[in-house]
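Every number in this text was worked out from the coordinates using simple rules, so none of it is lab data. Small disclaimer: the values here were computed from a predicted structure and weren't measured. Counting neighbours? That spans all protein chains shown, and the Cβs are built from the backbone with ideal geometry, glycine included.
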Amino acid sequence: MNASWALPLAGLAVAAALGSAASSLLAARWPRALTVLAFPMLGVSGIAAQAAGLIALASGARQTTLLPAGLPGLPWHVAIDPLAGAFLLMLGAVLLPVALYGPGYVRAFRNGRDSLATLGACTGLFVAGMLGVLLAADAFLFMLAWELMSLASYFLVCFQHDQPESRRAAFVYLLLAQVAGLLILMAFGVLATTGGFAFPAMRAAHPDATWAAIAFILALMGFGTKAGLVPLHVWLPEAHPAAPSHISALMSAVMLKVALYGFLRVVFDLLGPPQWGYGITLVVVGATTALLGAMLAVQQVDLKRLLAYSSIENLGTVFLALGLAEIFQAAGHPAMAALALLAALFQALSHALLKALLFLGAGAVQHGAHTRSLEQMGGLLRRMPRTGWMFLVGCLGMSAVPPLSGFVSEWLTFQAALQAWRLHDSLLRILVPLAAASLALTTALAAVVFVRAFGIGFLGRARSRQVRHAHEVGDGMLAGQAWLVASIAGVALFPVLVASLLGSAVLQLTGRVPGSPGWLWLTPLGPTTASYAPLLVLAVLLGVGLLGWVVLRPRRGAPVRRVDAWGCGYAPPTPDMQFSAMGFAQPQRRVFAPVYALREGFAGSAYEVVAGDRSWSWIYRPLGALMDRTADLARRLQAGHVRRYLAWSLLTLLLLLWIVS
Amino acid sequence: MDRLLSLLLALLQPLALLAAAPLFTAVVGRFKARLQNRRGVPLKTPYRELRKWAAKEAVVARTASPLFRAAPYIVFASTLLAAAALPVWETASPGAHVADAIVLIGLLGLARFMLVLAGLDVGTPFGGMGASREMLVANFAEPALLLVVFTLAMTTHTTNIGAMAAATLHGAPVLRPSYMFALAALLMVAVAECGRIPVDNPSTHLELTMIHEGMVLEYSGRHLALMEWAAQLKLLLFAVLTVDLFLPWGLATRMSPTAWLLALPLLLVKLAGLALVLAVSETVLAKMRLFRVPGYLTLAFLLALLGLLSHVILESAP
């Protein structure tokens, strides 16, 4: 296909998202408008975004245009290049299944007090905002689209505003989103001093080292807040569970990636030459985020909160890989930097698909079993078999076991880290293996997180009445999940093809392309150094499993005898005797005790253990108290007397005159 | 001819491991019995048990889901595939290309994932207890194992286990401090991963102390046979992994059946030595309290990390 189609297709995606927002307004009078118009248009937007992304990646060219809008002297620049293409692909790949899933999910809200029109309109604007961020090629349009994305998602988070925790989550989210927006604006401000607000001008001009470092810190904090880097992550586990599940899927799978895109665009594309100092910062921040995210995820009882903490962990590993890329690039090993960057992009893609699947699965559970608490679930695999098996695929993928897609990115990151022997600086040579060690620990913790989520939630026996009467969800919701499972299988089994697609984005940023010849063997460093063939792994697993089944099948063909479970010779065990979700994670709570803000005690009639996040008590509560005290001081100025205000005005005027003179 | 031989090798090595796994467990048991002044069971007992279980009817709990019946096959297949990635008597093992050392650890992770889920599936307290404890062990044992592999990969510049062994064979025989730390960590991890004393007791049936037995408590018949065979294979896998990574001397490096025949006796001696080490340590040590286990595992993790750092600091000149 012709490369010049990329930009028109991306424009179609934006138009379809805006159209979806507009058509949802009809839902105030005609609730079916969401099913008939809004969600199909979101699907169209998803397909168009995917196609545009694929074309941009395959052609490897940048295509720019000016829009007849914007400020005087600063028209809106729009561009699509392989980097934007990679993220358009992720966005589209998640948006399409969400559009399939949405109609069944929002049906539950139809008879409620919540406005479907608001939900649909904000969803469309949210998607349009994310597309705009990916397509913008000047700081003005970028910030405009960024704020559209933030504000629309704020309204989506507080959609169920009759619940106090939703309102609180939305407030925290809005606060941090605004702070993040301000920081990003300042980062662009630093970059724009030497050139202009358009990206090509920023790319051409490089600020000096001090200003570049300031811009890096601002960008890291701004985009890092949105991406959920510790300690700026606190909004994420509040906001993601509060939103409706298909929105949670979009926020966790795509919006965090849009933040990642912004960071990549500013630091790897616009900022200028790489510095190893940036790399060290990224590795340390990424490793801390990943470890803390995993440690907190393992203690969550709310399934969606657990998934949100797991997103924090995954973004941490992505930033760790980015740090490796920056270190290798600064040390003059562009091929190794390309490998690390490929690992980061692969992890982003894989996480987008897996986390979308898991959030849609959690939404299906909420729909079918009316709970999000693991302590009430159990045995859902038999009551919701299709959702259950697909959720298992997601859990296996997140635990990074072969032959699923999460493993490929982990493998690539490890391979990049193992190239540390090429580095000359001894600090870096120690830091990179330490990062690999923390990543290994994170991966093992992620396995605990998802064994626990699936084992407690979907296996065993129902722990509550509503879960005992759970029902499978409708076809549309299943189709959305099935689409994601198919995409995950494609990414997992043909990593070489995916890597060669993402490779053109890597080529754009590092100047090298990490190549694996053929399609079966993933050999980014040459066939003798390391190789992995997921298709063969799957074939052997299936072959051996089937062979064992055929050989061991009983001759008579009698059905398996069913008996009660073993109860030491006493009465058979009851559901209450099963391990609880908090009980399962008790060893981790004991080993990592200093990390958690532990609270135990009786809440009503039930004994409750909560392992909270210490960043609230260490950072945010003191910060809030400081703000209150500062506000108290400022209040003394406002006594309510006109005389005093006039005096203040006069003093200010005198001061200004003194400065000017 | 070479292609045919390598295909033969790819099939023969894992099958040989599979066939020898019950024997290895029996040999460890025999050594242990002799050390404790007992006569011990005949070496063919594990084979007889497997045959007995395979022939018996499988009984499944009423509360079990389909996953419970699928899990033994997945656990068995992924453990066997992990074993197929190991060079047993020949370093140029084709299986090591399909799955390198990191994939091998990932496959063991897949087996563990399914085993733990099977433990949780029936919904009994024992299964949950075993599952929770197994994940505690895995939480530290898996990263420690990865770090051991990383230490060797940084030295040999490859993660292909066959190429690692070959690099050690061809390199100068120097005593590397990093290898000492890594070997100690690997042995500690192997004991924990395979559920041996002092972390778990393979012969216990006291419900409150068991880890592996707790998870497979509900299994019977052919399912139990597969689970137990996979556990035996895992023990032999760790023994062969130790040989490949740290004692590769004597492995064949040429693709020829005569070289293989020469490599086998030395391999048997090395495996018997490792079995003896395990038997002695199981005889002199007592099982730990469960909450001592994290300390033990953290020590293994730190040893592996020390190995990695001592490689970076002491051995590789920038």
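What percent does the relative contact order of segment A:592-635 come to when contacts are Cα pairs within less than 8 Å and at least six residues apart?
Across segment A:592-635, relative contact order equals 28 percent.
Using DSSP to call loops (not H, G, I, E or B), can you name the trypsin sites (Lys or Arg not before Pro) in segment A:520-608 whose Cβ has at most 14 other Cβ atoms within 10 angstrom?
Counting only loop positions with at most 14 other Cβ atoms within 10 Å, the trypsin sites (Lys or Arg not before Pro) in segment A:520-608 are A:ARG555, A:ARG556.
Compute the helix-to-body angle for B:177-193: its Cα long axis versus the longest principal axis of chain B, expressed 0 to 90° and rounded to tens.
Around 20 degrees separate the two axes.
Looking only at other chains, what is the average number of their beta-carbon atoms within 10 angstrom of each beta-carbon in A:562-573?
5
Taking H as built 1.01 Å from N, whose amide H comes closer than 5 Å to the amide H of B:ALA61, not counting residues under 5 places away?
HN-HN under 5 Å from B:ALA61: A:VAL563.
Provide the percentage of antiparallel DSSP beta bridges, counting only those with both residues in the protein assembly as shown; round to the nearest 5.
Expressed as a percentage, antiparallel bridges in the protein assembly as shown total about 85.
Could you work out [θ]222 nm for chain B from helices alone, using -39500 (n - 2.57) per DSSP H run of at least four and dividing by all its residues? Round to the nearest 500 deg cm²/dmol.
-24000 deg cm²/dmol
Just to check I understand the Karplus step: with θ = phi - 60° and J = 6.51 cos²θ - 1.76 cosθ + 1.60, what whole-Hz values come out for segment B:282-290, glycine and proline as x?
Those phi angles translate into 6, 7, 8, 9, 9, 5, 7, 5, 4 Hz.
Do the alpha carbons of any pairs in A:LYS226/A:LYS304; B:LYS32/B:LYS287; B:LYS32/B:LYS270; B:LYS234/B:LYS270; A:LYS257/A:LYS304; B:LYS56/B:LYS234 sit beyond 21 Å of each other, and which pairs?
Pairs exceeding 21 Å: B:LYS56/B:LYS234.
Residues of segment B:147-177 with backbone nitrogen within less than 17 Å of a virtual label 7 Å along the Cα-to-Cβ line of A:ARG422, please, listed as ranges.
Taking a point 7 Å out along Cα→Cβ of A:ARG422, the residues of segment B:147-177 whose backbone N falls under 17 Å are B:153-160.
If you project the alpha carbons of chain A onto the principal axes, what extent comes out on each, in Å, largest first?
The principal-axis extents, from largest down, are 102, 66, 56 Å.
Choose one of A:TRP618, A:ALA631, A:TYR596: the residue whose Cα lies farthest towards the positive end of the charge dipole of segment A:592-635 (beta-carbon charges +1 Lys, Arg; -1 Asp, Glu; about the Cα centre).
My answer, from the dipole projection, is A:ALA631.
Residue by residue through segment B:308-314, which ³J(HN,Hα) values in whole Hz follow from phi under the Karplus form 6.51 cos²θ - 1.76 cosθ + 1.60 (θ = phi - 60°), with glycine and proline marked x?
Coupling constants for segment B:308-314: 4, 5, 5, 5, 5, 7, 8 Hz.
How do A:PHE494, A:PHE359 rank when sorted from fewest to most other Cβ atoms within 10 Å of their own Cβ?
By the 10 Å Cβ count, ascending: A:PHE494, A:PHE359.
What is the list of residues in segment B:1-18 whose amide nitrogen lies under 17 Å from a point 7 angstrom out from the Cα of B:ARG254, following Cα to Cβ?
Counting backbone N atoms under 17 Å from the label point, the list is B:1-3, B:5-6.
Per residue of B:309-316, what is the mean number of Cβ atoms on other protein chains within 10 angstrom of that residue's Cβ?
Mean shielding count: 3.
Charges only on Cβ, +1 for Lys and Arg, -1 for Asp and Glu: so what's the dipole of the protein assembly as shown about the Cα centre, in debye to the nearest 20?
Dipole size: approximately 2180 debye.
As a test of the formula, what do you get for chain A when each DSSP H run with n ≥ 4 contributes -39,500 (n - 2.57) and the sum is divided by the residue count, at 222 nm and rounded to the nearest 500 deg cm²/dmol?
Rounded to the nearest 500, the figure is -22000 deg cm²/dmol.
When a footprinting reagent is the concern and you count Cβ atoms within 10 Å, what order do A:LEU270, B:LEU11 take, fewest first?
Least crowded to most crowded, the residues run B:LEU11, A:LEU270.
For each of B:VAL116, A:VAL301, A:VAL36, count neighbouring Cβ atoms within 10 Å of the residue's Cβ, then give the residues from fewest to most.
Ordered by Cβ neighbours within 10 Å, fewest first: A:VAL36, A:VAL301, B:VAL116.
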